[in-house]
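Below is one structure, written out as structure tokens; the observations come after it.
What follows draws every value from the coordinates through simple rules; no lab data is involved. Treat the numbers as computed from the prediction; the structure is a model and nothing was measured. Cβ sites come from the backbone with ideal geometry, for glycine too, and all protein chains shown count toward neighbours.
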Amino acid sequence: MSSRTSDVLVIGGGIIGLVTAWRAAQRGLATAVVDPEPGGGAAQVAAGMLAAVTELHHGEQTLLGLNLASARRYPDFAAELTDVSGQDLGYRRCGTLAVALDADDRAHLRELHALQQQSGLESQWLSGRDCRRLEPMLAPGVRGGLRVDGDHQIDPRRLARALVLACERAGVVFHRAWAERFRVAGERAAGVTTADGTELGAGQVVLAAGSHSGRLPGVPDDVLPPVRPVKGQVLRLTVPRRLAPFLSRTVRAVVRGSQVYLVPRENGELVIGATTEELGWDTTVTAGGVYELLRDAHELVPGLTELPLTETRAGLRPGSPDNAPLLGPTELPGLLLATGHYRNGVLLTPVTGDAMAHVLATGELTDEARPFTPRRFARVEQPV
Ligand code: GLY
């Protein structure tokens, strides 16, 4: 058994763990990440919409504040990460068009528009004809839509790769292994033991293992994050050069109550997502999932059936009880969380990195991160 120590140990090398490690290392903290495959995880499946405005939901105004704070950071964040890593991130300030296919969808979209207006967000109602003028591949039946010029996209796979490189360049140490057991010593977080028996220790330990964060053996029950896996199936198609530009911005809709979105990249990839399934740890791509996504996407953009289907994949979103992330210290000294980002992990990457580095360096949460303290889920002892 060997033993290694650092100031900060991040459990999980997905985009949230990586951005935490990168920003912590930039603050001069000796930082390590434990993950068998850094840069993997849900980012390998996600479409990469930066959709603070189009994914607004009733009752999520506090989360909206954090989403918008992160969206505002994106241009500088992407420029810095591109510079440091030498990687193009596929960051595209292309906007989004949310459309309605029937009267029910239109009512739903009108309600979203009203909520956006009440929240001071910019979006513009368009007729079906105006939608098709913007995106000629849309179905003739489109009944209207919302143009949101502020909701953009990034390629999460490239983002993950760039964050690995940025971490390496900032001196982050990678332990390419599974964290098998979390260790507590003297009533504080001590580190983890990996599958080969190595003990990794640190002054502060950040649990950033996405949907796995809720089941790491050894984490005391009272601080185990209430995070669960929420499956999303996603398809990737390829737009041949002769058909480009097929779509010029993200197009989305709610069809028969299910979200469907089409995210076109400059390199010809067209991502179609996503199912939302509460099926535990299942990551099977199912005929039904693929069928429903293609059926709904085809209703929006009939011409896509001509395109090669190049990939089908399922990933697990880290869902939390209020759909918002858990950021910062827990009741166990030395244990912090950066998890539970649910549908917004890619969008929230910049603000999460800043918030986590700040709390790791100073012990204090930033004002914008304070509402997302894990302590909001602390168990209250019932009198007997
Ligand atoms: N944010 C898109 C999704 O989770 O499907």
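Just want the ordering: Tyr342, Tyr261, from fewest to most Cβ atoms lying within 10 Å of their own Cβ.
Listing Tyr342, Tyr261 from fewest to most nearby Cβ atoms yields Tyr342, Tyr261.
Based on DSSP loop calls and a cut-off of at most 14 other Cβ atoms within 10 Å, the longest stretch of the chain free of exposed GluC sites (Glu not before Pro) is what?
Longest gap between qualifying sites, sites excluded: 1-121.
If you stretched the chain out fully between Arg181 and Ser3, how much longer would it get, using 0.36 nm times the residue separation minus the C-alpha to C-alpha distance?
Working it through step by step, the gained length comes to 62.7 nm.
Consider a paramagnetic label point 7 Å from the Cα of Asp76 along Cα→Cβ; state which residues of the range 339-363 have an amide N under 16 Å from it.
The answer is 349-358, whose backbone nitrogens lie closer than 16 Å to the label point.
Taking a spot 7 Å from the Cα of Ala30 along the direction of its beta carbon, which residues of the range 188-219 have an amide N less than 14 Å from it?
Backbone N within reach: 200-204.
Taking neighbour Cβ counts within 10 Å as the exposure measure, how do Arg132, Arg295 sort from fewest upward?
Neighbour counts put them in this order, fewest first: Arg295, Arg132.
Could you work out which residue, out of Gly340, Gly65, Gly41, moves most in a Gaussian network model of the chain, that is, has the largest mean-square fluctuation with Cα springs under 10 Å?
Maximum fluctuation in the GNM of the chain, among the listed residues, is at Gly65.
Write down the percent of antiparallel bridges among all DSSP beta bridges whose residues are both part of the chain, to the nearest 5.
Roughly 70 percent of the beta bridges in the chain run antiparallel, per DSSP.
Could you pull the Rg and Dmax for the range 129-191, using just the Cα atoms, both in Å?
Cα only, the range 129-191: 23.5, 67 Å (Rg, Dmax).
Could you work out how much longer the chain between Glu368 and Asn267 gets when fully extended? Use 0.36 nm per residue separation minus the Cα distance between them, nm to one decimal.
32.8 nm
Treat each spin label as a single point 7 Å out from the Cα along the C-beta direction, and report the Gln118 to Ser258 distance in nm.
2.9 nm
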